[in-house]
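K.L.:
Got a structure for you, questions after.
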Amino acid sequence: MIVGFLVFYAYPTVRGIWYSLTDYSLLNDPSYVGADNYRHLVDDAQFWNALKVTAYYVVVNIASQTVLALGLAALMHRLTRSVVLRAALLVPWLVPNVTVGLLWAWLLDPDLGFVNHILGGVGIDTTLSFNSPTWAMPLVALVNSWAYTGYTALLLYAGMLQIPQHLYESAAIDGAGEARMFRSITLPLLRPILALVLVVSLIGSFQIFDTVAVAYGGKAPIPETRVIYYYIYQQAFTYFHMGYAAAVAMVLVVLLGLLTAVQMRLLRASRSDLG
């Protein structure tokens with residue numbers, strides 16, 4: 001385990017920090033430039049736009065995914081524990097991200113897409129497309145929510161199974177309804193699992209790349225969907241600014257570390273009310 005960590009995590013991290021302090025383009029040897037990449041990053045409007053777009057995606061994706069997953073998990077926990085249903089929820093998560101992007105790019109095609117055909121059929125004069133500045137990022141967020149909500153729901157459902165059943169029975173005897181039991185029993189006791197899910201979802205959401213890359217058929221996405229990972233990819237493999245791309249990646253690592261620490265602290269993830 002230690003060897004794997006050193007080879008696949010520690011060494012690449014140190015290498016990335018070094019590259020972030022150099023001018024490196026794959027065509028020449030890295031030359032040390034100190035903090036120049038970071039100074040350039042502060043004045044880079046495209047970087048800040050990519051960060052803003054990613055933050056918007058993270059908020060929409062996590063909010064929709066968590067709310068839907070909580071609802072599905074609660075329904076499974078209180079109404080049915082069907083194995084078939086749990087297997088069905090996992091199907092979208094098992095589909096590769098590239099396939100998900102291709103599938104929804106076809107479904108949302110402005111001319112031939114099934115979704116827009118249905119909207120037009122019911123009299124809704126709105127075209128949903130990845131090329132729409134208004135709808136592009138909400139669509140990317142909802143597509144990924146569709147893909148990952150089932151998996152998130154199963155994690156939350158597993159956490160709900162750890163809650164003692166007698167608590168619900170006592171509450172039911174006292175006259176509490178399902179909504180009150182969910183609010184007063186399920187949510188407080190689910191907090192450590194919910195914290196884990198939110199942290200994993202946050203990190204995964206900041207790493208969004210596949211859907212954006214595939215949805216545009218290999219072309220550069222519109223500015224409204226150029227997320228931070230795609231911006232790093234462009235800098236590194238389109239413009240060959242390897243040093244600058246590494247600097248952006250290092251800033252993203254620090255940002256994710258800070259956000260994770262804040263989340264864990266606010267949600268008191270290390271403490272459980274079950275004790």
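The values are calculated or read from the model by the stated rules, or taken from the named source; none is laboratory data. Source: prediction; values computed, not measured. Cβ sites come from the backbone with ideal geometry, for glycine too, and all protein chains shown count toward neighbours. All accessible areas refer to the heavy atoms of the entire protein, side chains included, with ligands and DNA or RNA removed. Shrake-Rupley method; radii C 1.70, N 1.55, O 1.52, S 1.80 Å.
K.L.:
Given the options Val14, Val60, Val200, state which has the largest fluctuation in a GNM of the chain using a 10 Å cut-off (strictly under) for Cα springs.
P.N.:
Val14
K.L.:
For the chain, modelled as a Gaussian network with Cα springs under 10 Å, which listed residue fluctuates most, Pro133, Pro192, Pro92?
P.N.:
Ranking Pro133, Pro192, Pro92 by mean-square fluctuation puts Pro133 first.
K.L.:
Right, another one. Where does the range 17-78 land on the Kirkwood hydrodynamic radius, alpha-carbon pairs, in angstrom? Can you show the working numbers first?
P.N.:
Working: mean 1/r = 0.0656 Å⁻¹.
Roughly 15.2 Å, rounded to one decimal.
K.L.:
Here is a further query. For the range 53-96, what is the convex hull (Cα atoms) projected area averaged across all directions, in square nanometres?
P.N.:
Value for the range 53-96: 3.7 nm².
K.L.:
Jot down the radius of gyration and Dmax of the range 139-265, Cα atoms only, both in angstrom.
P.N.:
20.3, 67
K.L.:
Roughly speaking, what is the centre-to-centre gap between the range 94-139 and the range 184-247 when only Cα atoms are used, to the nearest Å?
P.N.:
Cα centres, the range 94-139 to the range 184-247: 20 Å.
K.L.:
In what sequence, highest mean first, do 109-116, 201-208 appear when ranked by Cβ atoms within 10 angstrom? Let's see the in-between values first.
P.N.:
On the way: 109-116: 13.8, 201-208: 18.1.
Ranked by mean Cβ neighbours within 10 Å, highest first: 201-208, 109-116.
K.L.:
If you line up the Cα atoms of the range 1-138 on their principal axes, what length do they span on each, largest first, in Å?
P.N.:
Computed over the range 1-138, the largest-to-smallest principal extents equal 60, 44, 25 Å.
K.L.:
Are there DSSP H segments in the chain that both extend 24 Å or more along their axis (alpha-carbon positions) and score a mean Kyte-Doolittle hydropathy of at least 0.0? List them, or say none.
P.N.:
Going by DSSP H runs, the hits are 45-78, 136-160, 242-266.
K.L.:
Starting from the coordinates of the alpha-carbon atoms of the range 105-172, obtain the Kirkwood hydrodynamic radius over all distinct pairs and give the value in Å to one decimal.
P.N.:
15.0 Å
K.L.:
Would you mind calculating the relative contact order of the range 1-61 from Cα pairs under 8 angstrom and at least 6 residues apart, reporting the percent as a whole number? It would help to have the intermediate numbers written out before the result.
P.N.:
Values: 21 pairs, mean separation 10.8, N = 61.
In percent, rounded to a whole number, it is 18.
K.L.:
A further question follows. Would you work out the relative contact order for the range 61-177, in percent, from Cα pairs under 8 angstrom that are 6 or more residues apart?
P.N.:
40 percent
K.L.:
Give me the 1.4 Å probe accessible area per residue for the range 1-153, excluding ligands and nucleic acids, in Å².
P.N.:
Accessible area per residue: 60 Å².
K.L.:
Quick one: order Val212, Val7 from most to least accessible surface, probe 1.4 Å. It would help to have the intermediate numbers written out before the result.
P.N.:
On the way: Val212 0, Val7 80 Å².
Order by accessible area, largest first: Val7, Val212.
K.L.:
Just for the Cα atoms in the range 156-212, what are the lengths along the principal axes, largest first, rounded to whole Å?
P.N.:
If we take the Cα atoms of the range 156-212, the spans are 50, 18, 14 Å.
K.L.:
What FRET efficiency comes out for the pair Tyr38/Val98, r = Cβ-Cβ distance, R0 = 45 Å, nearest 0.05?
P.N.:
That gives a FRET efficiency of 0.85.
K.L.:
Looking at the range 79-120 from every direction and averaging, what is the projected area of its Cα convex hull in nm²? Numbers along the way, then the final one.
P.N.:
Values: hull surface 17.4 nm².
Orientation-averaged projected area of the Cα hull: 4.3 nm².
K.L.:
Ignoring everything but the protein chains, give the 1.4 Å probe accessible area of Lys52 in square angstrom, nearest 10.
P.N.:
140 Å²
K.L.:
Per Stokes-Einstein, at 10 °C and 1.306 mPa s, what whole-number D in µm² s⁻¹ belongs to the chain, with the Kirkwood radius over Cα pairs as the hydrodynamic radius?
P.N.:
74 µm²/s
K.L.:
Right, another one. State the percentage of accessible surface on the chain attributable to carbon and sulfur atoms; use a 1.4 Å probe and exclude ligands, DNA and RNA.
P.N.:
Looking at the chain in its full context, I get 68 percent from C and S.
K.L.:
So who's got an amide H within less than 5 Å of the one on Thr22, skipping anything under 5 residues away but keeping other chains? H placed 1.01 Å off N, in plane.
P.N.:
Answer set, sorted by chain and number: Val33.
K.L.:
Please list Val262, Val84 from largest to smallest accessible area, probe radius 1.4 Å, with all protein chains kept in place. List each step's numbers first, then the result.
P.N.:
Details: Val262 80, Val84 115 Å².
Ranking Val262, Val84 by accessible area, largest first, yields Val84, Val262.
K.L.:
Give the accessible area for Tyr32 in Å² (nearest 10); use a 1.4 Å probe, count only protein heavy atoms, and leave out ligands, DNA and RNA.
P.N.:
It works out to around 150 Å².
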